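These notes are about the structure you will find just below.
Each value in this text was obtained by applying a stated rule to the coordinates, not by laboratory testing. These numbers come from a predicted model, not from an experiment. All Cβ positions, glycine included, derive from the backbone under ideal geometry; neighbour counts span all protein chains shown.
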Amino acid sequence: MNLCADHGFFPISQKFRCNSLKKAGKACIIKTVSDLKEKLKLLPDSAGVYIMLDKDGTVIYVGKARVLKNRVRQYFHTSEKPVKVRSMVENIADFSYIVAPSEVDALALENTLIKKYKPKYNILLKDDKTYPYIKIHLREEFPHISITRRLKKDGSKYFGPFMGGISCKEIVDVAAKVYNIRTCQTPLGKNKKPCLNYHLKRCLAPCAGFVSREEYAERVEKTVGFLSGNYEEAERILREKMQQFAEEEQFELALSARDRIAMLSRLGGRRITAMPRDVDADVWAIASNGLYAAVSLLVTRKGIMQGARTFSLEEGAAEKEEAFTSVLTQYYSSHEIPHEIILGAEADDNLLVSYARQKQERNLTVTRPKMGVKRELLDMAERNAKEYLEKSVSQIRHKNDMTKNACERLQTLLGLRRYPKRMECYDISNISGVDKVGSMVVFTDGEADKYEYRRFRIKTVEGADDFASLKEVLLRRLKKLGTEEEEHFQKPQLIVIDGGKGQLSAVKEIFDGLGIDDIDLISLAKQEEEVFALDREGSVRIDKSDYALRMLQRIRDEAHRFAITYFRNLHSKRNLQSELDGIGGIGKNKRIALLEKFRTIDRIMQASEEELCACEGIGKELAARIRKYFDEL
């Protein structure tokens, strides 16, 4: 038994580290014993997380428990269990557990492990979409307003999420035009010249000292009220400006004001009449047919319907209450927790309240309304979930054929030693040996896992030698196995190489040199779409309509796309740098500023003098010189 402050978790041969409790200064206990019966006797009366593994050491289920001893032993009792639970128990060859300081800590750790290992029998909320928020940076002397997709505990005030229909940029534009709050991060200083926004009456130019802190604070307070749903004052000011522009025959500005008024009317139309304006609530409902499930979410902020989202799930092995609690935790690990959650399904309410208080210092209320406007919203969410489930069952089945079932099919066709849960594919891209790059693409359960993608700049290879470049990339990647870096680069079950027998043999030399014999290796030759494996003399021809081959083609093409994109970005920046070197007055800092703003040579060549002036450090004279340089090319 080991006592540690940062979770050393050892499932068979794989090491896991987690800093979630280290930051809180809490310790946990990890226990591993080879015999299952002995382990069951040693289970503690503490909260924690248990991790079920199959015969290959693959994590197949992660769960949290208020009392580990009681919860884990239930799986091995002879009582009647649901089909999926029985299937999971039949595949358990070993388990580990982590004792956490509290059930809330166990819930947070469970979520971390589910996202890391994507276990077969857990419900996985594949919500890779983040929504924009409007942020006011209140800790600044003169706060500016911006759009972000990341929530931080930085003293700023966030508004959102905005889930569709209304653009965050439009709302920020109204705030700038009506209340003149700044949208840039220009350093403050009285000797600075005001930028274009000041002359367009979109900013009071605090950077140039043109406004007092008190007056600006009043504007910020009004902006906060506007973003909180009080649109009446903003609409009145816009109508006055529209009338003024029309009288001055500035018709384009009048039309712009009219469009902003229409946008505010659409926002006001989303207000739920009977809902109090101070209510921030998420409404959740789940529908299930026993095999698949769909979850519906309605988001309301300040009594206004912000949007809706529906997720399809392949139900895992857990009980319904535990499963739904896990779904909510997975979602709120990367989204804002509201003040209220309205539920129509069973969940551990007390645990969710504690989780919200610990994670985001939010006082959460969980309600199950029986009548009134909240009940009507819940009914709407339940209808959405049922309708989505009915329409999406065939899509879910097709997706399973393209992903998990394709992995199982590939294992059978090629005689792979293990189910290829994590597949990695590599590609090299360059032009005549210049800007050589490599890509690593990862598929988990047959589905692109873009957070795991990696890019490599080739460092040791001279000229256009793809074989040598591929060897360098694989050596750099595979040397991470067995080290602490394996936490970020988990061991794959299968590596796919683009090429034929030659490429496969070249990579086999790397495997032999590093003593790797527990990872399957195949190659896919593009011309005939033949698959080569190490233990087969000839190639394997898979029918072109077979989902297993289509999956291999997807990962091969994705690796090529990812490598090409990285190469083009590097090549474009290098070309842009060389072009800018020919213009007098552009040094390192101004070149970096242009690169960050315009990204590509084409965009900077097409930029107007006004757009160039908006770039940090570029004045009118230099902008005219840049414009003239590209016009004369």
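For the reader, a short list of remarks on this structure follows.
- When the charge dipole of the chain is built from unit charges on Cβ atoms (+1 for Lys and Arg, -1 for Asp and Glu) and taken about the Cα centre, the candidate among C407, P119, V393 whose Cα reaches farthest toward its positive end is P119.
- Bridging of K526 to lysines at a Cα separation below 16 Å is possible for K501, K544, once same-chain residues fewer than 8 apart are set aside.
- Of the GluC sites (Glu not before Pro) found in region 133-176, those in coil by DSSP whose Cβ has at most 13 other Cβ atoms within 10 Å are E141.
- Stretch gain in nm, segment E537-F467, where the contour uses 0.36 nm per residue and the Cα spacing is subtracted: 23.0 nm
- For region 344-469, the convex hull drawn through the C-alpha positions has a volume of 248 cubic angstrom per residue.
- Residue pairs, from the table K115/K169; K84/K479; K192/K597; K193/K597; K64/K152, whose Cα atoms sit over 28 Å apart: K115/K169; K84/K479
- Candidates per chymotrypsin sites (Phe, Trp or Tyr not before Pro) in region 69-126, loop by DSSP, up to 16 other Cβ within 10 Å: F76
- In this label model, M605 and Y451 are separated by 4.0 nm, measuring between points 7 Å along each Cα→Cβ vector.
- Here the dipole of the chain is about 1000 debye; that uses its Cα centre as origin and unit charges on the Cβ of Lys and Arg (positive) and Asp and Glu (negative).
- One chain, two ends: L188 and I592. Fully extended at 0.36 nm per residue, the span grows by 143.3 nm beyond their Cα-Cα distance.
- Signed unit charges on C-beta, dipole axis of the chain, positive-most listed residue I618, V220, Q490: V220
- With a Förster radius of 45 Å applied to the beta-carbon distance between A624 and Q250, the computed FRET efficiency rounds to 0.95.
- Inter-label distance, nm, simple model (7 Å from Cα along the C-beta direction), E616/M380: 4.3
- When every Cα-Cα distance of region 37-169 is counted in 10 angstrom steps from zero, the calculated P(r) takes the values 11, 29, 23, 16, 15, 6, 0 percent.
- Net charge of the neighbourhood of E611, taken over other residues with C-beta under 11 Å away and scored Lys/Arg +1, Asp/Glu -1, is +1.
- Full extension of the segment from N400 to T365, taken as 0.36 nm per residue of separation minus the current Cα-Cα distance, would add 8.9 nm.
- Kirkwood hydrodynamic radius over Cα pairs of region 307-417, then Stokes diffusion coefficient at 25 °C and 0.890 mPa s, in µm²/s: 148
- Aspartates and glutamates with Cα under 13 Å of K459, excluding same-chain neighbours fewer than 8 positions away: D435, E472
- For mean projected area of the Cα convex hull in nm², computed directly from the structure shown, the correct entry in [x] 65.3; [y] 34.7; [z] 32.2 is [y].
- Applying the criteria of a DSSP loop state and at most 11 other Cβ atoms within 10 Å to the chymotrypsin sites (Phe, Trp or Tyr not before Pro) of region 412-508 yields no site.
- For F562, the shell of other residues with beta-carbons less than 10 Å away shows a net charge of +1, using +1 for Lys and Arg and -1 for Asp and Glu.
- Rounded to the nearest 20 debye, the dipole size of region 445-486 about its Cα centre is 240 debye, using +1 on the Cβ of Lys and Arg and -1 on the Cβ of Asp and Glu.
- With contributions of -39500 (n - 2.57) from each DSSP H run of at least four residues, the per-residue ellipticity at 222 nm computed over the chain stands at -13500 deg cm²/dmol.
- Per-pair calculated FRET efficiency, R0 = 41 Å: R550 and K479 via Cβ, rounded to 0.05: 0.80
- Alpha carbon Rg of region 412-547, scaled by the compact-globule rule 2.2 N^0.38 Å: 1.04
- Charge dipole of the chain about the Cα centre (unit charges at C-beta), most positive-ward option of S102, H335, I542: S102
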